[in-house]
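The values are calculated or read from the model by the stated rules, or taken from the named source; none is laboratory data. Just so we're clear, the structure is a prediction, and the values are computed from it rather than from any experiment. FYI the Cβ positions are ideal-geometry reconstructions off the backbone, even for glycines, and counts take in every protein chain you see.
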Amino acid sequence: MFEGLAGIVGLGTDSAADSSDAADSSDSPSEPADGISTASGDGATDPNESTDDSNSDRRDVSNEDAGAIVQSLLDGLEYPIHVVDDEGYITRVNRECLDLFEKTEEDLIGVCLFDLDEADNSVMKEVLRTGEPVKNLEETVEVKSGTVPVSRSVLPLFDADGEITGAFEINRDISERTELERREQLLESYQETVVAELQGSLTELSEGNLTVEPTIPEPPERFEAIDNVYRRFDGMATDLRTAVESLRDVLRRARAQSDELDAIGQQTWSATSEATDAIADINASSDEVAANAERQADLAGQAERNVSDLSASIQQITVTVQQMDDLSAEAAEQAEAGTETARDAIDSIDSASEASERNMEMIASLEAQTETIDEMTDMIADIADQTNLLALNANIEAARADGDGAGFQVVANEVKELAEESKAAVEEISESLDELKAGIPETADTVEESNRQVEAGGGVRTRRGSLDRQRGGQRRDTGDRGRHRPAGRRGRAGRRRLRGAH
């Protein structure tokens, strides 16, 4: 392209030179052919003179047309171009050149390029001197508005004889390309910085530093490409920070679980020790429960024997009372029969009195036995409460021992059921004794009333008085026992409730 353009520009330059040569030849006189002078005399006109003038005019028109064509071509190009002659004077410029250098045609046409300081014009001097072109030399030019980066190409112009007649220079504004290159360099440098930052964070993380906070520095300038890079790397840094935070959370949870497992281990060891102690306590408690159960069985057997004895005594009293009824009836019949049988009646009354005395003695003995049985039932109830408490303690120890105390828990439950059954049986015996003791005073009163009637019928005052005193003392003893006994039972029941609460 440069060579073709140089030909076009050279055409315009050659035309201008031809025009100058023609003007020079028209000023000098014509010489005749073959060295003969052809000067005319007497006002004669040379026939070749009009022909030379016509050719000169045609050459002038042709040169003007060529110059206009070259200027039109230069103005149509998008690159700034100026043309100089062989001495460096500017002969042509296009509009792009005027815009680039912020000049007018009057400022440049006819001015020596070497007198201008907007650019390094030594390149043009070298091209005019050597005739060697210079292409795509990147430099800067200084104009009023600032520094403009350009790509300079200077090509020489030659005439038909190969002599340098001038040169033309193309200055392409490469501001956009330079800016792009600068931005590319800035972007590359920024990427290297960001990658180094991330690499450093990853290195610290790989070495176990979980306090690292990956961050991306702000770009030194803001344009689309670097903003996109910043967003991408900032997203990567955010993801890395999230991953580090997640790793921290995982490690915190792992540390908490480790501490929890350690605490569980300590608790397990403590529970094992406690279970061992509990098993030993259960063994001791089981032995004690077995001993108490054996004592309770002995006491229950003794209570059963006492109840049997009490039943026999009650039956004997019943028989005696029946005999008294029979004797009283017989005495009454004898009294009604008359005085003839009085002695027999008195004897019968004496026998009845003796029988009554024996009955009172038996009643007193029965009361003493019921007191003994009542004390035994209280003792059995206390043992049942204690056994029940031991069974409860055994159940607690068995529960603390988990699976190792299952057998002890079964035994403790059976002992507890046996204790509750024994306690229920004792309560039934106590109720029976209460009913029996409630009937003893009534029986004593009945016997006493029978003795009074017998004494009234027979007139045996001395024996009756003695019997009255004896029966009165026994009745007071029986009444006192009846009044004090329930209070004692209530006190024992209160003690049992107190022990149960503990």
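Each row is one residue, and each column tells you yes or no for (1) in a loop (DSSP other than H, G, I, E, B); (2) more than 30 Å from Leu180 (Cβ to Cβ); (3) modelled with pLDDT of 90 or more; (4) out of contact with any His (no Cβ under 6 Å at 6 or more places or on another chain).
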site: Thr193; (1), (2), (3), (4): no, no, yes, yes
site: Gln199; (1), (2), (3), (4): no, no, no, yes
site: Thr203; (1), (2), (3), (4): no, yes, yes, yes
site: Thr215; (1), (2), (3), (4): yes, no, no, yes
site: Leu240; (1), (2), (3), (4): no, yes, no, yes
site: Leu247; (1), (2), (3), (4): no, yes, no, yes
site: Val250; (1), (2), (3), (4): no, yes, no, yes
site: Ala254; (1), (2), (3), (4): no, yes, no, yes
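Residue-by-condition table, conditions (1) β-branched (Val, Ile, Thr); (2) buried (at least 20 other Cβ atoms within 10 Å of the Cβ); (3) under 28 Å from Asp298 (Cα atoms):
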| position | (1), (2), (3) |
| --- | --- |
| Arg358 | no, no, no |
| Ala368 | no, no, yes |
| Thr377 | yes, yes, yes |
| Leu390 | no, yes, yes |
| Ala394 | no, yes, yes |
Original post:
Any chance the stretch 391-398 includes a residue that's touching a residue at least 60 places away in the same chain (Cβ under 8 Å), in contact with a helix residue (DSSP H, G or I) (Cβ under 6 Å, 6 or more places away or on another chain), within 20 Å of Glu294 (Cα to Cα) and not polar (S, T, N, Q)?
Top reply: yes
Original post:
Could you say whether any residue in the stretch 82-91 is exposed (fewer than 13 other Cβ atoms within 10 Å of the Cβ) and at pLDDT 90 or above?
Top reply: yes
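Okay, residues lined up against (1) surrounded by fewer than 12 Cβ atoms within 10 Å (Cβ to Cβ); (2) closer than 17 Å to Gly88 by Cα; (3) acidic (Asp, Glu):
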position: Thr104; (1), (2), (3): yes, no, no
position: Ile109; (1), (2), (3): no, yes, no
position: Asp115; (1), (2), (3): yes, yes, yes
position: Ala119; (1), (2), (3): no, yes, no
position: Lys144; (1), (2), (3): yes, no, no
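Residue-wise test of (1) surrounded by fewer than 15 Cβ atoms within 10 Å (Cβ to Cβ); (2) more than 25 Å from Arg252 (Cβ to Cβ); (3) not aliphatic (A, V, I, L, M).
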position	(1), (2), (3)
Asn209	yes, no, yes
Glu213	yes, no, yes
Glu218	yes, yes, yes
Val229	no, yes, no
Gly235	yes, yes, yes
Thr238	yes, no, yes
